[in-house]
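Trainee: Handing you a structure now.
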Amino acid sequence: MNGDYTGEGDLIQLITDEEGEDQGKEVFGEEIPVLSVRNTVLFPGVVIPITVGRQRSIKLVKKAQKGDKLIGVCAQINPNNDDPAWEDIYQVGTLAKIIKMIVLPDGNTTIIIQGKKRFRIKEQVTDDPYFIAKVDYLDENFPKSSKKIQALEESLKEAATRILHLNPEIPREAQVALDNIDNTPFLTHFLSSNINAPVESKQRLLEINDGVERATLLLEFMMKDIQMLELKSEIQKKVHTDIDQQQRDYFLRQQMKVLQTELGEEGPEKEVEDLRARGAKKNWPPEVAKHFEKELDKILRINPSAAEYPIALNYAETMVELPWNEFTQDNFDLKNARKILDSDHFGLEKVKDRIIEYLAVLKLKNDLKGPILCLYGPPGVGKTSLGKSIAAALGRKYIRMSLGGLHDEAEIRGHRKTYVGAMPGKIIQNMKKVKISNPVYVLDEIDKLSSDFRGDPSSAFLEVLDPEQNFAFMDNYLEVEYDLSKVLFIATANSLDSIQPALRDRMEIIEVTGYTQEEKVEIAKRHLVPKQRKEHGLKAKQISFEKTALVKIIEDYTRESGVRSLERAIGKVVRNIAKSIALEEEYDPKITPEAVRKILGSEIFDKEIYQDNSVAGVVTGLAWTSVGGEILFIESSLSRGKGKLTLSGQLGDVMKESAMTALSYLKSKAQTLGIDHRVFDQYDLHIHVPAGAVPKDGPSAGITMLTAMASVFTQRKVKAKLAMTGEISLIGKVMPVGGIKEKILAAKRAGIKEIILCKKNLRDIEEIDPQYVKGIVFHFVDKVDEVLDIALLKSKVDNPLQFVFNQESK
């Protein structure tokens, strides 16, 4: 029968009286009885208890107890073998002395033994009635004390101390025992016996004869044990912290609940009941009400400490805070609405008329889906501020949403509730903020929408801006249909080219053209000057602008369609006066053109003035730019060559094609126009448009180029103070162009008296206020021949080119 070490985890008693040099001198018998034990390796100097139960083992112990009390102890290779043979035990063991023997009531016998000396079995004498063997005793082979041995001993003690701190199962008295060991060989035996290692590892330590090697391997095992204990301690600490935190939260929450009940304050149930009461007052559709009640019931089933609780509560609060069929009463006083629009904005008649039409129909029908308007025009003309004026005229609330740079579809439709930090889209968020179901909703810069891997916001707007769909707008976060059909959406854009065609088709496009000089003067007098005066703390009597001063600022210091730069320039003048008042300096409250130049410095822009017609081949054209209309000059000249056409002035492809079309038409009509056909082969034609640093393009200079070519080829001058604009075809037709209003006003400012246009542009002239076109004679034409008849003067002398060709023929 083998013995088991059953005191695992307990402190092993130390007996050091016989340890040291005296033990080395003691003589032991060569033939000894051998007791096999399992799960235990005995080391010299160490005291352990062993329980024996089989008759063979009990006979061995009793016989030894009566004799010298010495037995050999060897570990079993297979601990599950209840009847081991010689080959089932390790050949290296430890001689032990029986200190005490105790017979238990159940028949088992417990002995307390102390290891004496290591041995190796050299001969198996017998196994009946128990193992008896002849052995060779093994010396410790530990070198005398040195710095290396001292360092090794300290390392072992430090590692053992660390294990004691990390393993709470080891009694604290072990530290005292450890501190009292001053024998290095015994220190290694004691620690080897107590380390947390399998029998195989301990047996390996027992079999090593070299003391330093054994101590080094022991230290390696101990370091592994330390790492394992540290990891175990870290895991236990983390789990313990989590459990403690949960218990603490639960305890505090219960206390809070009791305190809230005592104080009559809200708890989780009270919050839900308040939401239910607020929901009962909402005028929402039945299916939405049903969904809301379902969400509240779900909240009551969720633990308030769960992560889902605040998400569900926020969702319910979002639903109840949204306006559901809550409307402001529209103001149907159309005259008052028109008065408000006129007082806030000068001009913009098309937009104002459309709003009055909407109000008129709403007044008659009282049930009209909100139109989707898109105000399209250059920057600074008042598109965004017009939305606020419309809201004031209708008596509605106003929301503005900037779309510039928006590239995530979720900004419009929202995120699903499953995502962390989910929230509704901007459409629903703004409706929640305004608390009304029929506001004026301005979608600013809708042409600046972009798209990337997160989706296409412009496609999301297809539902928002469609009156046939937006009555059931579905936000990803809200998960129920929301009615946007009563919202008056007003989009603004600087360009239509970048707006998706399907989205553009859903909107009613209203072009907001740039302001004329006259309109800018009126806007400055009515709005900009009073606004800047108020912002800078001045009174009306302290500063006033002459009309000529405003004109000078508009012409010489700004170049724009809108009035933003004009407002900044006026602000600079007002600040200069404010400085003079603050410093108590003398100043003239009346702002004149001279004062403007003194304050703003030299003129920034040069005004285009009509040039004379003293040279053939120079024609005045009209151009449209993003900052208004301008006049431009088409210059042409001939030089000896091979019929090459040169175009300069940074012209675009369309403008180059217009020049080639005009030249081809002239070649085909050369005889009719009195042009010698040889001039096309023997002379190079150069067409230049001044201001070469400015890119130019478009078809509207077609008839201007044709007239310039015809003038230089026939050497007939162009009629004085005449300008023109229009596209030409290869067969000589004149076609309409855009930007007529801006072009006409630019021509008037430049001193032009006559203008040639296509007949189809007559409708554009009719839309311009008569006071702006007073004094200008318009010629409406269908064909190029009519243009040349009006533009080219009759020559009093023969064509010099014809004379040259005649001389060469002779």
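The values are calculated or read from the model by the stated rules, or taken from the named source; none is laboratory data. The structure presented is a predicted model; accordingly, all values stated were derived computationally and were not measured. Every residue, glycine as well, gets a Cβ built from its backbone with ideal geometry; the counts of neighbours run over all protein chains shown. Only protein heavy atoms, including side chains, enter the accessible area calculation; ligands, DNA and RNA are left aside. Shrake-Rupley method; radii C 1.70, N 1.55, O 1.52, S 1.80 Å.
Trainee: State the answer as a single residue: which of Q429, L364, G29 lies farthest towards the positive end of the charge dipole of the chain, with beta carbon charges of +1 for Lys and Arg and -1 for Asp and Glu, about the Cα centre.
Mentor: Sorting the options by dipole projection puts first L364.
Trainee: Also: Of the heavy-atom accessible surface of the chain (probe 1.4 angstrom), what whole percent is carbon and sulfur?
Mentor: Heavy-atom surface of the chain belonging to carbon and sulfur, 1.4 Å probe: 51 percent.
Trainee: What are the principal axis extents of the Cα atoms in segment 279-391, in Å, biggest first?
Mentor: Its Cα atoms span 62, 35, 19 Å along the three principal axes.
Trainee: With a cut-off of at most 12 other beta carbons within 10 Å, and DSSP calling the residue loop, which chymotrypsin sites (Phe, Trp or Tyr not before Pro) in segment 62-149 qualify? Please list them.
Mentor: none
Trainee: OK, next. With the contact rule set at Cα under 8 Å and sequence spacing of 6 or more, what percent relative contact order holds for segment 294-390?
Mentor: Details: 34 pairs, mean separation 21.4, N = 97.
So the answer I get is 22 percent.
Trainee: When N counts the residues of segment 604-731, how does its alpha-carbon radius of gyration compare numerically with 2.2 N^0.38 Å, as a ratio?
Mentor: Details: Rg = 14.2 Å, N = 128, 2.2 N^0.38 = 13.9 Å.
Cα Rg divided by the expected 2.2 N^0.38 Å: 1.02.
Trainee: Distance check, please: which entries in K383/K590; K290/K397; K281/K432 exceed 20 angstrom between their Cα atoms?
Mentor: Pairs exceeding the cut-off: K383/K590; K290/K397.
Trainee: Of the options T548, L406, L375, report the single residue whose Cα projects farthest towards the positive end of the charge dipole of the chain (beta-carbon charges: Lys, Arg +1; Asp, Glu -1).
Mentor: Positive-end residue among those listed: T548.
Trainee: Would you calculate a helix-derived [θ] at 222 nm for the chain, using -39,500 (n - 2.57) for each DSSP H run of n ≥ 4 and dividing by the full residue count, to the nearest 500?
Mentor: It comes out at -13500 deg cm²/dmol, rounded to the nearest 500.
Trainee: Per residue, how large is the accessible surface of the chain? Use a 1.4 angstrom probe and give square angstrom. Show your work: numbers first, answer last.
Mentor: Numbers: 41570 Å² over 810 residues.
It amounts to 51 Å² per residue over the chain.
Trainee: Once label points are set 7 Å from the Cα along Cα→Cβ at both T672 and N576, what is their separation, rounded to one decimal in nm?
Mentor: Roughly 5.8 nm, to one decimal.
Trainee: What residues have an amide H closer than 5 Å to that of V37, excluding those fewer than 5 places away on the same chain, when H is modeled at 1.01 Å from N in the peptide plane?
Mentor: Here G3, C74, A75, Q76 satisfy the definition.
Trainee: Which of the three applies to segment 539-661, rounded, prolate or oblate, going by the alpha-carbon gyration tensor with a ≥ b ≥ c and a/c under 1.5 meaning rounded?
Mentor: The shape class here is prolate.
Trainee: A further question follows. Kindly identify segment 435-541 as rounded, prolate or oblate by the Cα gyration tensor criterion: order the square roots of the eigenvalues as a ≥ b ≥ c, call it rounded if a/c is under 1.5, otherwise compare a/b with b/c, prolate if a/b is larger, else oblate.
Mentor: In terms of gyration-tensor shape, prolate.
Trainee: Quick one: if the Förster radius is 25 Å, what FRET efficiency do S145 and L166 give, using the C-beta to C-beta distance and rounding to 0.05? Before the final figure, lay out each step's value.
Mentor: On the way: r = 29 Å, r/R0 = 1.18.
With R0 = 25 Å, the Cβ-Cβ based efficiency is 0.25.
Trainee: Let me spell out the model: positive unit charges on the Cβ of Lys and Arg, negative unit charges on the Cβ of Asp and Glu, origin at the Cα centre of segment 83-156. What dipole size does that give, in debye rounded to 20?
Mentor: With only Lys, Arg, Asp and Glu charged at Cβ, the dipole is about 620 debye.
Trainee: Continuing with the same structure: So which chymotrypsin sites (Phe, Trp or Tyr not before Pro) in segment 273-382 pass both tests, a DSSP loop state and at most 14 other Cβ atoms within 10 Å of the Cβ?
Mentor: F327
Trainee: Mean separation of Cα pairs under 8 Å and 6+ residues apart, divided by the residue count of segment 375-508: what relative contact order is that in percent? Walk me through the numbers on the way to the answer.
Mentor: On the way: 253 pairs, mean separation 41.8, N = 134.
Value for segment 375-508: 31 percent.
Trainee: What FRET efficiency do you get for E213 and R248 if R0 is 51 Å and r is their Cβ-Cβ distance, rounded to the nearest 0.05?
Mentor: Once rounded, the FRET efficiency stands at 0.45.
Trainee: Can you give the FRET efficiency for K335 and S385, using 1/(1 + (r/R0)^6), R0 = 30 Å, r = Cβ-Cβ distance, to the nearest 0.05?
Mentor: 0.85
Trainee: With the Cα gyration tensor of segment 693-734 giving a ≥ b ≥ c as the square roots of its eigenvalues, does the rule (a/c under 1.5 for rounded; else a/b larger than b/c for prolate; else oblate) give rounded, prolate or oblate?
Mentor: Oblate shape, in that a/c is at least 1.5 and b/c is the bigger or equal ratio.
Trainee: Please list, by residue number, everything in segment 333-359 whose backbone N is under 15 Å from a paramagnetic label point 7 Å out along Cα→Cβ of E522.
Mentor: Those under the cut-off are 339-353.
Trainee: Remind me, relative contact order of the chain in percent, using alpha carbon pairs under 8 angstrom and six or more residues apart?
Mentor: 7 percent
Trainee: Let me ask something additional. Around Y665, what is the net charge, scoring Lys/Arg as +1 and Asp/Glu as -1 over all other residues with Cβ under 12 Å from its Cβ?
Mentor: +3
Trainee: Now a separate question. Based on Cα coordinates alone, diagonalise the gyration tensor for segment 109-235, multiply each eigenvalue by 5, take square roots, and list the semi-axes in whole Å, largest first. Intermediate results must be reported in sequence, preceding the final value.
Mentor: On the way: eigenvalues 173, 75, 40 Å².
Result for segment 109-235: semi-axes of 29, 19, 14 Å.
Trainee: Count neighbours as other Cβ atoms within 10 Å of each site's Cβ, and list the chymotrypsin sites (Phe, Trp or Tyr not before Pro) in segment 445-551 that are DSSP loop with at most 12 such neighbours.
Mentor: Details: sites: F453, F461, F471, F473, Y477, Y482, F489, Y515, F545; in loops: F453, Y477, Y515.
Filter output for segment 445-551: F453.
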